[in-house]
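The values are calculated or read from the model by the stated rules, or taken from the named source; none is laboratory data. Keep in mind that what you see is a predicted model, and the values were worked out from it rather than measured. Neighbour counts are summed over all protein chains in view; Cβ atoms, including those assigned to glycine, are modelled from backbone coordinates with ideal geometry. Surface areas here come from the heavy atoms of the whole protein model, side chains and all, with no ligands, DNA or RNA. Shrake-Rupley method; radii C 1.70, N 1.55, O 1.52, S 1.80 Å.
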Amino acid sequence: MRKPFIPGPILLLGAPGAGKGTQAKELVRLWSIPQISTGDLLRANVAQGTELGKMADGLMKNGQYVPDDLVNQMVANRLALPDTHNGFILDGFPRTLPQAEWVDSHLSHDLPLVAVKIQVDYNLLLRRITGRLSCPLCQRIYNIHLQPPRRAGYCDVDGAELSKRSDDSVEVFKGRMRSYEDLTAPVIEHYHMKARYGEVNGEQSVARVATDIMAVVEKMRSMKS
Ligand code: AP5
Ligand code: MG
């Protein structure tokens, strides 16, 4: 009998709007491993009014990154939960070189990290960001142009009213892209130099991109270390 596939730690890389969150949710469904999104964790802190949330709120609204040590500690707390045993999907982390160095020295899974970059061109990113809505209850992601809900403005799953992220304006997107190019491009280069790295075309259907990511991960996992 074929052994069940253990995905292990997976890192999704890509610009704001590339589809990291959308794909992470697909992989959660297909592989039953958790998504660890630093953006979602920070937004939860903002919503709960924690000290971290109060500090992060202003930075996020301007498209600036939250300090590395705070983000690293937040991820360390999340990784300590027992549901990460068969693997997890890092979404939006690491996104600076110090965060990548922290990951490289602190991840203690039996399997090594596989990094997959989702590639999407600038004009489509802009369209994705400006059209995005999400469900405050189940976190499902929609797009008024590209992935509309069945009933305009309401979640297909639980009927909750969809909301727009406070950083999803053209101006803030430009700032996020600058942070991405200055601070996250070197992270992509860092993982590109390592053996377990792949790229997928993110300008396809959600299902097709997910199939391509799974193929990259399965190929990397079949490689001898
Ligand atoms: P974060 O929440 O991580 O934002 P981001 O990196 O800018 O990425 P997005 O969430 O905007 O895009 P995505 O790639 O997830 O795309 P999505 O799937 O939603 O971070 C927000 C902020 O938090 C940062 O700016 C920073 O301030 C702070 N922060 C977070 N992590 C940090 C860290 N590690 N260090 C420091 N600070 C940190 O898709 C986008 C849209 O496209 C949706 O509308 C979706 O429906 C649509 N779409 C997706 N795929 C497809 C497809 N295949 N076809 C059609 N439509 C699609
Ligand atoms: Mg996201």
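What the table shows:
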read-out	value
Only one of Gln23, Gln64 that is within 23 Å of Leu137 (Cα to Cα) and either within 10 Å of ligand 1 (Cβ to nearest atom) or open to solvent by 40 Å² or more (accessible area, probe 1.4 Å) (or both)	Gln23
The one condition in (1) closer than 15 Å to Ile213 by Cα; (2) open to solvent by 30 Å² or more (accessible area, probe 1.4 Å); (3) not in a helix (DSSP H, G or I) that Ile10 fails to fulfil	(2)
Residue within the range 128-137 that is of a type in the set (S, T, N, Q) and either open to solvent by 80 Å² or more (accessible area, probe 1.4 Å) or near ligand 1 (Cβ under 10 Å from one of its atoms) (or both) present	yes
Residue within the range 84-92 that is within 16 Å of ligand 2 (Cβ to nearest atom) and at pLDDT below 95 present	no
Total residues in the range 140-163, condition within 21 Å of the chain's Cα centre (by Cα) and assigned to a strand (DSSP E or B)	5
Residue among Ala76, Ala56, Ala15 that alone is open to solvent by 20 Å² or more (accessible area, probe 1.4 Å) and out of contact with any Cys (no Cβ under 9 Å at 6 or more places or on another chain)	Ala76
Hey, Arg176 on the phi < 0 side of the Ramachandran plot and not in a loop (DSSP other than H, G, I, E, B) or not	yes
The range 32-61 - residue that is part of a helix (DSSP H, G or I) and among the polar types (S, T, N, Q) and, of those, farthest from ligand 2 (Cβ to nearest atom)	Gln48
Complete set of residues in the range 191-220 that are surrounded by fewer than 17 Cβ atoms within 10 Å (Cβ to Cβ) and in a helix (DSSP H, G or I)	His192, Val206, Ala207, Arg208, Thr211, Ala215, Glu218, Lys219
Residue count for the range 164-173, restricted to those that are open to solvent by 80 Å² or more (accessible area, probe 1.4 Å) and either touching a residue at least 60 places away in the same chain (Cβ under 8 Å) or part of a loop (DSSP other than H, G, I, E, B) (or both)	2
Cβ pairs under 7 Å, 6+ apart, first in the range 12-31 and at pLDDT 95 or above, second within 7 Å of ligand 1 (Cβ to nearest atom) and in a loop (DSSP other than H, G, I, E, B)	Gly14/Gly202; Ala18/Gly202; Gly19/Gly202; Lys20/Gly14; Lys20/Gly92
